[in-house]
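Student: This is the structure, below, for whatever I ask next.
The values are calculated or read from the model by the stated rules, or taken from the named source; none is laboratory data. Please read these numbers as outputs of a predicted model, since none were measured by experiment. Here the Cβ positions follow ideal geometry from the backbone for every residue, glycine too, while neighbour counts run over all protein chains shown.
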Amino acid sequence: APEKSGRFAPVVTSSNLLRFISFQVAGIGLAVYGGITTYLILITNSQQVIAEYGTVIPSVLTVILGTFLIIFICLGCCGICRESKGCLETYSAFLLLLALAHLAIGGYCVYTYQNSTEYTSSLRLQMALDVMKNVENYKSNPMSMDGVQFWFSCCGANGPSDYNRFGWRDLPHDNNYPGSCCTNGKICSRDAGDLHTTGCAELVYEFTQVTNIFLGYLSLAVGATEILAALLGICLSCCIWRKYRSHWR
């Protein structure tokens, strides 16, 4: 029969601990990436698009779930370092719930932004109308278009000529277009060599679509990995239980 005293063989190994640390790094990366995409979508999508189509929701949820992942991994690390069966079981249970959430978000994003033609067609049209409206109202509200034109190196909705349609006149420094339509960001004339000739409407739509599709596949991959991590936690919990049970006999 096993002895009731003496040192236990360690259940926790450096390889197991490294796996938890790698999951922690993944959680941090997920939250940071979600934060960046949230910011870019907020400054490039109109409030109407965000409200009606929820284009920023996947990015926001990525930040939230990434933060929860960091917390749960910390719980798992505590459990593995202290060889606490309860901590590991709690960690595994919460991680399985988190995996289900990631799989649900991933499935929604992939289906909606890649396979739903009706949704994407409506979104593309609404974005084109919103960008054109921002061009029309540039003089009274330049910040909306300046942000888009700066980030995507574009000009107007379909090209620089859109500004000519709305009586673009009387600009300082002989500007024919907003400064954000040129790389230098200040003086932008028709003859400028750094004038952006690509329209912004399609670029904004493609960025939003591709970002959310990527977030969808990323969420599916993270969800599958979280299931494996939860199973690892359950296995470690069982090992700890067996070790202490043999000692108590």
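Student: Condition check: farther than 27 Å from L98 by Cα, β-branched (V, I, T) and modelled with pLDDT under 85. Does I187 satisfy that?
Tutor: Against the criterion (farther than 27 Å from L98 by Cα, β-branched (V, I, T) and modelled with pLDDT under 85), I187 qualifies.
Student: Can you list residue pairs whose Cβ atoms sit under 6 Å apart, with the first residue in the range 185-204 being under 14 Å from M145 (Cα atoms) and the second being among the hydroxyl-bearing types (S, T, Y) and in a loop (DSSP other than H, G, I, E, B)? Count only pairs 6 or more apart in sequence or on different chains.
Tutor: Between residues of the range 185-204 that are under 14 Å from M145 (Cα atoms) and residues that are among the hydroxyl-bearing types (S, T, Y) and in a loop (DSSP other than H, G, I, E, B), the close pairs are H196/S153.
Student: Follow-up. Cβ-Cβ under 6 Å, sequence separation 6+ or interchain: first residue in the range 21-33 and under 10 Å from L69 (Cβ atoms), partner modelled with pLDDT under 90 and outside any helix (DSSP H, G or I). Which pairs?
Tutor: none
Student: Now for a separate question. Suppose we keep only residues that are β-branched (V, I, T), farther than 27 Å from G156 by Cα and surrounded by 19 or more Cβ atoms within 10 Å (Cβ to Cβ) within the range 192-247. Which one would you say is modelled with the highest pLDDT?
Tutor: That would be V222.
Student: Follow-up question, since we're still on this one. Looking at the range 154-162, is at least one residue more than 23 Å from A26 (Cβ to Cβ) and out of contact with any Gly (no Cβ under 8 Å at 6 or more places or on another chain)?
Tutor: yes
Student: Something else now. Counting only residues that are modelled with pLDDT of 90 or more, give me the helices (runs of 4 or more DSSP H) lying completely in the range 82-177 with at least 3 of them. Outline the logic, then answer.
Tutor: Working: elements: 85-110, 117-136, 142-152, 161-165.
By residue number, 85-110, 117-136, 142-152.
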